[in-house]
Amino acid sequence: MRVFVAGATGAVGRILVPLLLDAGHQVTGTARSRTGLDRLRAQGATPVQADVFDAEGLAGAVAAASPDTVIHQLTALAKGTPADNGRIRREGTRNLVDAAVRAGVTRVIAQSVAWAYEPGDTPAAEDTPLDVTAPPPRANMVGGIRVLEETAAELDEHVILRYGTFYGPGTWYSPEGLVADLLRGEGAAQRAAAFVGPLRADDAVSSFVHVEDAARAAVAALDWPSGQVNVVDDEPAAARDWLPVLARALGAPPPPPATGRAGWERGASNARARSLGWLPRRSSWRTGFTAMSPAGAAGPASSR
């Protein structure tokens, strides 16, 4: 299969491209920098320099690749702002889907999130409505997700991957990531706080997914039926449980225990993904976080 990966050098994309190639697919991947283009070429993919906000240039790149499927893994999380990420979801997705339509592509796989659901007391399934009545600033994020998903669904075949919170190499939740800076009160702590807010060890429930498991889901989604799929691990957990484990793994002091949560902080269920045959290799953040620590990296967990 010919696959066009938009965002091929991001945290998920850099793992996804080799997995696609190993599965026998022909891959064209986008990058914005010379370093990214060289990385893709070294991996064995066809690199293309493309700006998702340049509609004509992007359309030309997709047409030249003549893909069977377009995979949307674009974000602005590495160096951007929440507003930049919202613009990618709205304008970037529009340009990418339009480019796919012009090239005759009928299948898209798009990166969404698993924390845009309306408030509730149990982990959300895919038929749970999005939180469209949320007040600002959450309304901006949910609105961007809604536009992304509706735009992707214009193609006859569309799989919306509602990813949990990423952790692992190249993410905020890694030894070199923004959350580590925030926990330690150093480095880019101010920027991290602008994205994730204060870290409180309270009752707020999150669902996590390791970036390798996220990439594996994108490969599997080439054969999945249209619709939304939560891609999260097996253990939604309150911050009072996961945050101390993460802090220890990152060599930082944990925040003091607290109480309370927003209604939407409920986590998500991966039952549908598991029914489609996807199983997270990092089934719980407990072992996944521990494996990121120097002691954990030297142990059995790193040999997966």
- Item | Selection within region 39-96 - within 21 Å of residue 141 (Cα to Cα) and acidic (Asp, Glu) | 84, 91
- Message: Give me the residue from region 123-153 that is of a type in the set (D, E, K, R) and out of contact with any strand residue (DSSP E or B) (no Cβ under 9 Å at 6 or more places or on another chain) and, out of that set, modelled with the highest pLDDT.
- Response: 150
- Message: Give me the residue from region 50-94 that is part of a loop (DSSP other than H, G, I, E, B), polar (S, T, N, Q) and surrounded by fewer than 22 Cβ atoms within 10 Å (Cβ to Cβ) and, out of that set, modelled with the highest pLDDT.
- Response: 66
- Task: Would you mind stating whether residue 245 is out of contact with any Leu (no Cβ under 9 Å at 6 or more places or on another chain) and under 30 Å from residue 20 (Cβ atoms)?
- Result: no
- From the residues in region 195-245 that are touching a helix residue (DSSP H, G or I) at 6+ places or on another chain (Cβ under 8 Å) and charged (D, E, K, R), which one is modelled with the lowest pLDDT? 200
- touching a Lys or Arg at 6+ places or on another chain (Cβ under 8 Å) and under 23 Å from residue 214 (Cβ atoms): does that describe residue 66? no
- Item | Every residue from region 220-259 that is in contact with a Ser or Thr (Cβ under 7 Å, 6 or more places away or on another chain), within 30 Å of residue 150 (Cβ to Cβ) and part of a helix (DSSP H, G or I) | 222
- Message: Kindly evaluate residue 4 against the criterion of being touching a residue at least 24 places away in the same chain (Cβ under 8 Å) and in a strand (DSSP E or B).
- Response: yes
- So, of the residues in region 118-137 that are in contact (Cβ under 8 Å) with a residue 60 or more places away in the chain and touching a Phe, Trp or Tyr at 6+ places or on another chain (Cβ under 6 Å), which turns out to be surrounded by the most Cβ atoms within 10 Å (Cβ to Cβ)? 124
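The values are calculated or read from the model by the stated rules, or taken from the named source; none is laboratory data. What you are looking at is a predicted structure, and each value in this text was computed from that prediction instead of being measured. All Cβ positions, even for glycine, are placed from backbone atoms using ideal geometry, and neighbour counts span all protein chains on display.
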